[in-house]
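Q: Dumping the structure here so I can ask a few things about it.
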Amino acid sequence: MKPKMNQQRKSLRKLAEGGIIAALYTALTLSIPVASFGLTQLRVAEALTILPVFTPSAIPGLAVGCMVSNLFGLAIGANIAGAWDVLFGSLATLLAAWMTYSLRKIRIKGLPVLSTLPPIIINAAVVGLELTINIMGFSWYKYFTTALYVASGQFIACSVFGLLLYSALNRSGAAEIIFK
């Protein structure tokens, strides 16, 4: 009986972790909608894309947080990528989070630098395409330009802010406490 209770506790803890990450992602995204949606975007919540390095619960947490954020952004008229962003943006985040988790053990000078790349590359491709189609009409030049804009914002959020978050959680010991 006891092992079953421990398993239930672990499952409930993982569900709660994912839910908290989704809520944090949504709150951070919607707190600065001007920066979170648009051609040139710096979605501060994307710093949380480093969390799959600590816990697999972040994978669905980030995807759900992205979906809720994109849905609210659409409802308030901030999400200019359109309704497809609710689906494809969320799927892109899910895939990027899974890839981040897969790269978590590869370190450069103790930092999971490669883990920051999937959200940059995938969002540049997917969100860049959504924005190009919804705002300007497709052409390869417009697509690559838009993808570059998205990638630059993602780089700041994921690589710069994400690695700062990683370092803060790791060095303070908070990661060990939070993500047992």
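Q: Give the number of residues within the stretch 81-108 that are in contact (Cβ under 8 Å) with a residue 40 or more places away in the chain, assigned to a helix (DSSP H, G or I) and either closer than 15 Å to ASN134 by Cβ or of a type in the set (Asp, Glu) (or both).
A: Residues meeting the conditions: 4.
Q: Sticking with this one: Conditions: (1) closer than 22 Å to SER31 by Cα; (2) surrounded by fewer than 24 Cβ atoms within 10 Å (Cβ to Cβ). GLY65 meets all but one. Number of the miss?
A: Here GLY65 meets the rest and fails (2).
Q: Taking only the stretch 131-143 into account, find how many residues are part of a helix (DSSP H, G or I) and out of contact with any Ser or Thr (no Cβ under 9 Å at 6 or more places or on another chain). So that I can check it myself, show each step before the final result.
A: Filtering the stretch 131-143 down to residues part of a helix (DSSP H, G or I) leaves 131-136, 140-143.
Next, only the ones that are out of contact with any Ser or Thr (no Cβ under 9 Å at 6 or more places or on another chain) stay: 133-134, 140-141.
Count: 4.
Q: I'm checking my understanding of the structure. Among residues of the stretch 121-144 that are among the small types (Gly, Ala, Ser) and surrounded by 14 or more Cβ atoms within 10 Å (Cβ to Cβ), which one is nearest to PHE155 (Cα to Cα)? Step through it out loud before you land on a result.
A: Our first condition is that a residue be among the small types (Gly, Ala, Ser); within the stretch 121-144, this holds for 124-125, 128, 137, 139.
Those still in the list that are surrounded by 14 or more Cβ atoms within 10 Å (Cβ to Cβ) too: 124-125, 128.
On the way: ALA124: 10, ALA125: 13, GLY128: 14 Å.
Looking at the filtered set, the residue picked out is ALA124.
Q: Here's another thing I want to ask about it. State all residues of the stretch 1-45 that are of a type outside the set (A, V, I, L, M), under 20 Å from GLY65 (Cβ atoms), touching a helix residue (DSSP H, G or I) at 6+ places or on another chain (Cβ under 7 Å) and outside any helix (DSSP H, G or I); if no residue qualifies, say none.
A: Those that are of a type outside the set (A, V, I, L, M), under 20 Å from GLY65 (Cβ atoms), touching a helix residue (DSSP H, G or I) at 6+ places or on another chain (Cβ under 7 Å) and outside any helix (DSSP H, G or I): PHE37, GLN41, ARG43.
Q: Moving on. Keeping to the stretch 122-137, report how many residues are modelled with pLDDT of 95 or more and either more than 20 Å from LEU95 (Cβ to Cβ) or among the polar types (S, T, N, Q) (or both).
A: Count: 2.
Q: So which residues in the stretch 29-43 are within 11 Å of the chain's Cα centre (by Cα) and either at pLDDT below 95 or not hydroxyl-bearing (Ser, Thr, Tyr) (or both)? Write out each step before concluding.
A: Residues of the stretch 29-43 within 11 Å of the chain's Cα centre (by Cα): 29, 43.
Answer for the stretch 29-43, where residues must be within 11 Å of the chain's Cα centre (by Cα) and either at pLDDT below 95 or not hydroxyl-bearing (Ser, Thr, Tyr) (or both): just ARG43.
Q: Follow-up. In the stretch 118-127, is there at least one residue being within 29 Å of LYS10 (Cα to Cα) and of a type outside the set (A, V, I, L, M, F, W, C)? Break it down into steps so the answer makes sense when it comes.
A: Taking the stretch 118-127 as the starting set, the residues that turn out to be within 29 Å of LYS10 (Cα to Cα) are 118-119.
Filter again for of a type outside the set (A, V, I, L, M, F, W, C), leaving 118-119.
Yes, because at least one residue in the stretch 118-127 is within 29 Å of LYS10 (Cα to Cα) and of a type outside the set (A, V, I, L, M, F, W, C).
Q: Might you let me know whether the stretch 109-116 holds any residue that is assigned to a helix (DSSP H, G or I), modelled with pLDDT under 95 and either in contact with a helix residue (DSSP H, G or I) (Cβ under 8 Å, 6 or more places away or on another chain) or within 28 Å of LEU165 (Cα to Cα) (or both)? First the steps, then the outcome.
A: Our first condition is that a residue be assigned to a helix (DSSP H, G or I); within the stretch 109-116, this holds for 113-116.
If we keep only those that are modelled with pLDDT under 95 too, we end up with none.
No - not one qualifying residue is present in the stretch 109-116.
Q: Right, another one. What are the pairs with Cβ atoms under 8 angstrom where one residue, in the stretch 61-80, is touching a residue at least 40 places away in the same chain (Cβ under 8 Å) and within 15 Å of ALA35 (Cβ to Cβ) and the other, located anywhere, is small (Gly, Ala, Ser) and assigned to a helix (DSSP H, G or I)? Sequence gap at least six, or different chains.
A: Close Cβ pairs (under 8 Å, with a partner that is small (Gly, Ala, Ser) and assigned to a helix (DSSP H, G or I)) amount to SER69/SER36; SER69/ALA45; GLY73/SER36; ALA78/SER36; ASN79/GLY73.
The values are calculated or read from the model by the stated rules, or taken from the named source; none is laboratory data. Given the structure is predicted, the values throughout are model-derived calculations rather than measurements. Please note: Cβ atoms are built from the backbone with ideal geometry, for glycine as well, and neighbour counts cover all protein chains shown.
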